[in-house]
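All remarks here apply to the structure that follows.
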Amino acid sequence: MGTVHRIHRTVAVLSACLLAAAASVTASAAAPAKPPATCTPGTCAGQDPGQTGCTGDQTTLDQVQRSGRTLRLMFSNTCQAAWAQLAGGQATAQGGDKATIQDDGGHSQSAPVLVTGLTVQTKMINSTSVHLQACATLLNDPVQLCTPFH
């Protein structure tokens, strides 16, 4: 009986190990790796950060809020590029909020809000400049919303 007990115990331990390994493989398969960026540092200007894969390692450099809107200055280290993202934007038939990314070298990209409540992001500018800023022009608000320069 002692040998049978040890065999059952060994089978139980092996079963538990196999289940744990299967769960690990399932968890790994459930979170696929993000594809690599399709642009390289210096070539991302004017491109969409989502379509190029630059959002894979995005970080928020700064964030400001006003009137239910959130403006973020976003950056990708892999792509060495930045963009502005505006959440909660407003739009009417006459126009809407607008997000802009700019650097101190005169480069900029803008994106209008076409549908109220949708998040918009600008195309990227290369971050060859160390001074980047995100701004938003808001409907019915004469003061432009901006992050500090970074």
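Across region 141-150, the qualifying residues are those that are in contact (Cβ under 8 Å) with a residue 12 or more places away in the chain and in a loop (DSSP other than H, G, I, E, B), and the one among them that is nearest to Thr100 (Cα to Cα) is Thr147.
Within region 114-122, is there a residue that is in contact with a helix residue (DSSP H, G or I) (Cβ under 9 Å, 6 or more places away or on another chain) and either surrounded by fewer than 24 Cβ atoms within 10 Å (Cβ to Cβ) or within 23 Å of Thr59 (Cβ to Cβ) (or both)? If you could, list the steps in order and put the result at the bottom.
As a first pass, look at region 114-122 and keep what is in contact with a helix residue (DSSP H, G or I) (Cβ under 9 Å, 6 or more places away or on another chain): 121-122.
Now narrow it down to the ones that are either surrounded by fewer than 24 Cβ atoms within 10 Å (Cβ to Cβ) or within 23 Å of Thr59 (Cβ to Cβ) (or both): 121-122.
Yes, region 114-122 contains a residue that is in contact with a helix residue (DSSP H, G or I) (Cβ under 9 Å, 6 or more places away or on another chain) and either surrounded by fewer than 24 Cβ atoms within 10 Å (Cβ to Cβ) or within 23 Å of Thr59 (Cβ to Cβ) (or both).
Examine region 112-126 for a residue that is under 15 Å from His150 (Cα atoms) and assigned to a strand (DSSP E or B), and state whether such a residue exists.
So the first thing to find is which residues in region 112-126 are under 15 Å from His150 (Cα atoms), and the list is 125-126.
Those still in the list that are assigned to a strand (DSSP E or B) too: 125-126.
Yes, the conditions are met somewhere in region 112-126.
Do we find that Asp104 is touching a His at 6+ places or on another chain (Cβ under 9 Å) and surrounded by fewer than 20 Cβ atoms within 10 Å (Cβ to Cβ) in this structure? Taking the combined requirement at face value, the residue satisfies it. Taking the conditions exactly as written (within 19 Å of the chain's Cα centre (by Cα) and either open to solvent by 60 Å² or more (accessible area, probe 1.4 Å) or aliphatic (A, V, I, L, M) (or both)), does Val143 satisfy them or not? No: the conditions fail for Val143. For region 44-55, the criterion of being of a type outside the set (Val, Ile, Thr), in contact (Cβ under 8 Å) with a residue 60 or more places away in the chain and open to solvent by 50 Å² or more (accessible area, probe 1.4 Å) is satisfied by at least one residue.
No other residue among Gln63, Gln109 is outside any loop (DSSP other than H, G, I, E, B) and closer than 21 Å to Thr40 by Cα apart from Gln109. Checked against (1) part of a loop (DSSP other than H, G, I, E, B); (2) open to solvent by 50 Å² or more (accessible area, probe 1.4 Å); (3) at pLDDT below 95; (4) not β-branched (Val, Ile, Thr), Ala37 meets all criteria but (2).
Looking only at region 59-101, which residues are open to solvent by 40 Å² or more (accessible area, probe 1.4 Å) and in contact with a helix residue (DSSP H, G or I) (Cβ under 7 Å, 6 or more places away or on another chain)? Steps first, please.
Of the residues in region 59-101, the ones open to solvent by 40 Å² or more (accessible area, probe 1.4 Å) are 59-61, 63, 65-68, 72, 77-78, 80, 90, 92-94, 98.
Listed by number, the residues that qualify are Asn77, Thr78.
Take His131 and tell me if it is of a type outside the set (Gly, Ala, Ser), open to solvent by 20 Å² or more (accessible area, probe 1.4 Å) and touching a residue at least 40 places away in the same chain (Cβ under 8 Å). In short, no.
The values are calculated or read from the model by the stated rules, or taken from the named source; none is laboratory data. For clarity, every value in this text was computed on a predicted model and none was experimentally measured. Please note: Cβ atoms are built from the backbone with ideal geometry, for glycine as well, and neighbour counts cover all protein chains shown. Ligands, DNA and RNA are stripped out before the accessible areas are found, and what is left, the full protein with its side chains, is counted by its heavy atoms. Shrake-Rupley method; radii C 1.70, N 1.55, O 1.52, S 1.80 Å.
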